[in-house]
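Right, one structure below, let's go through it.
The values are calculated or read from the model by the stated rules, or taken from the named source; none is laboratory data. What you see is a predicted model, and the numbers here were worked out from it, not measured in a lab. Ideal geometry is used to build each Cβ from the backbone, glycine not excepted, and the neighbour counts take in all protein chains shown.
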Amino acid sequence: MDKKTAKILKITLPLLLGVALVWYSLSKISISELITYFKNANYFYISLGLFFGLLSHLSRAYRWKFMIEPMGYTLRLPNSIMAVFATYLVNYTIPRAGEITRATILTNYEGVPFEKGFGTIVAERIADMLVMLCIIIITLFLEFDFIYQFFAERFEPKKIIFGTLLMIILIALFFVFIKRSTSKLAIKIRTFINGLIEGIMSIFKMKHKWAFIFHTIFIWIMYVLMFYITSLAVPETSNLPLAAILIGFISASFSIAATNGGIGSYPVAVYAAFSIFAVAKEPSIAFGWIMWSSQTFMIIVLGGLSLIYLPIYNRKE
C-alpha cells in the first residue's frame, strides 16, 4: 500500500465508521424519542457538566506551560488555551490532525520549533494514558466482584483463569521477541516503547513536576465529574451505581479515538457499557448523544473563536 492510499484510508475510514455508528445508534432509538429526551433533559446538570469540561481544558492549557518552560521558551496562557481548543476542533475533521495544528500554532506564535512542541504534546499523551490506565485499575479494584461475576455468568471460571494466564504468557513472549528481534517492525516497536519510558521519566525531571502531576490528575477528575454530572440530566441514568459511571466513562473515552471526535461511536460506547447494568437502550443512547452533543457544541464555539482570535491576538507577531 502506497503512502497516498494509506493517508486517504486514515481520513476516510474513521468518517465511514462514524457514519455507520450514527446509523446504528439511531436504529436503536427513533429521532422523535431522541428529541423528547433532549427536550426533557435537565439543562442545569448539562451546564454544570460543561463547566467541569471547560475546567479540564483550561487546566490542560496551563499544564502545557510546564513542559515548554524547560526548553527556554515562555508560553503565553491565552495562546495555550486557544491552541488547545483549536486542537479539539480540528480533530473533528481529520483524526490526530489537531496535535499537528497545536504544535504549528506554537511555532507560529511562540517561536517554539515544531519538533520540540510536538514532543511535549506526545509526552502529555503519555501522562494522560498513564492516568487512564490508573482509572481502569481502580475500577477493576473497586468493582472486582461485579466484573468477575459478570464474566463468570457468561463464561466458565476455568476459561476466565485460563484466558488470563494465556494473555499474560502471550504478552511476556511478545516483549521477549521485541527485545531480542532485529526485524524492522521490532526495532520500531522497541524505539516506541523506549520513547514512552523516556517521556514518562522526563515528567519527573521537569522543574514544576508536582504542579504538572496535580494538573494531570485534576484534568481527569474533571472528565469523570463531567460524565457523572451530565448523567443526572436524564432521569433514567440519574441513579447509576459507581461501577456504571466508571465503566461507561472508560468505554466512552476509548470511543473518541475510534472516530473523528467520537461521532457515532460515543453514544454506542455508552449504550454498550450501560447495557451491562440493564439500563434500557433508549435512555443510554439518548444520554450518550446529550453528553457528546453538549461537549461538541462547546468545542465548536470555543474552538472556532480560538481560530478566529489567534491571529488577532498575535497580530504583532
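Working carefully through the options S265, S255, S238, S294, find the one that is without any contact (Cβ under 8 Å) to a residue 12 or more places away in the chain and in contact with a Ser or Thr (Cβ under 8 Å, 6 or more places away or on another chain).
On the way: S265 fails: without any contact (Cβ under 8 Å) to a residue 12 or more places away in the chain; S255 fails: without any contact (Cβ under 8 Å) to a residue 12 or more places away in the chain; S294 fails: without any contact (Cβ under 8 Å) to a residue 12 or more places away in the chain.
Going through S265, S255, S238, S294 in turn, the sole match is S238.
Yes or no: E69 assigned to a helix (DSSP H, G or I), surrounded by fewer than 19 Cβ atoms within 10 Å (Cβ to Cβ) and within 17 Å of the chain's Cα centre (by Cα)?
So E69 does not fit the description; no.
Out of the residues in segment 259-300 meeting the condition of being touching a Gly at 6+ places or on another chain (Cβ under 8 Å), small (G, A, S) and assigned to a helix (DSSP H, G or I), tell me which one is nearest to A97 (Cα to Cα).
S265
Of all residues in segment 113-139, count the ones that are at pLDDT below 85 and either under 19 Å from the mean Cα position of the chain (by Cα) or of a type in the set (V, I, T) (or both).
6
Considering only residues that are in contact (Cβ under 8 Å) with a residue 40 or more places away in the chain and not aromatic (F, W, Y), which ones fall in segment 241-251?
L242, A243, L246, I247, I250
Please enumerate the residues belonging to segment 83-117 that are surrounded by fewer than 20 Cβ atoms within 10 Å (Cβ to Cβ), not in a helix (DSSP H, G or I) and not polar (S, T, N, Q).
Listed by number, the residues that qualify are Y92, I94, R96, G111, P113.
Run T120 past the list (1) of a type in the set (S, T, N, Q); (2) within 23 Å of T259 (Cβ to Cβ); (3) in contact (Cβ under 8 Å) with a residue 24 or more places away in the chain; (4) buried (at least 18 other Cβ atoms within 10 Å of the Cβ) and report the number of the one that doesn't hold.
For T120, the exception is condition (2).
Need pairs with beta-carbon distance below 8 Å; first residue under 19 Å from F51 (Cβ atoms) and modelled with pLDDT under 80 and within segment 202-225, second of a type in the set (D, E) and surrounded by fewer than 18 Cβ atoms within 10 Å (Cβ to Cβ); sequence gap 6+ or separate chains.
none
Within segment 292-312, which residues are over 18 Å from F254 (Cα atoms), of a type in the set (V, I, T) and out of contact with any Leu (no Cβ under 8 Å at 6 or more places or on another chain)?
V301, I308, I312
Being of a type in the set (S, T, Y) and assigned to a helix (DSSP H, G or I) is the filter here; which residues of segment 224-258 pass it?
Y228, T230, S231, T237, S251, S253, S255
Conditions (1) more than 21 Å from Y24 (Cα to Cα); (2) touching a helix residue (DSSP H, G or I) at 6+ places or on another chain (Cβ under 8 Å), marked per residue:
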{"position": "I221", "(1), (2)": "yes, no"}
{"position": "P241", "(1), (2)": "yes, no"}
{"position": "F254", "(1), (2)": "no, yes"}
{"position": "G264", "(1), (2)": "no, yes"}
{"position": "A273", "(1), (2)": "no, yes"}
{"position": "A278", "(1), (2)": "no, no"}
{"position": "A286", "(1), (2)": "no, yes"}
{"position": "M298", "(1), (2)": "yes, yes"}
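Looking at S47, S80, can you tell me which residue is in a helix (DSSP H, G or I), buried (at least 19 other Cβ atoms within 10 Å of the Cβ) and on the phi < 0 side of the Ramachandran plot?
On inspection, the qualifying residue turns out to be S80.
Since H208 meets every condition but one in (1) buried (at least 23 other Cβ atoms within 10 Å of the Cβ); (2) out of contact with any Lys or Arg (no Cβ under 8 Å at 6 or more places or on another chain), which condition does it not meet?
With respect to (1) buried (at least 23 other Cβ atoms within 10 Å of the Cβ); (2) out of contact with any Lys or Arg (no Cβ under 8 Å at 6 or more places or on another chain), H208 is out only on (1).
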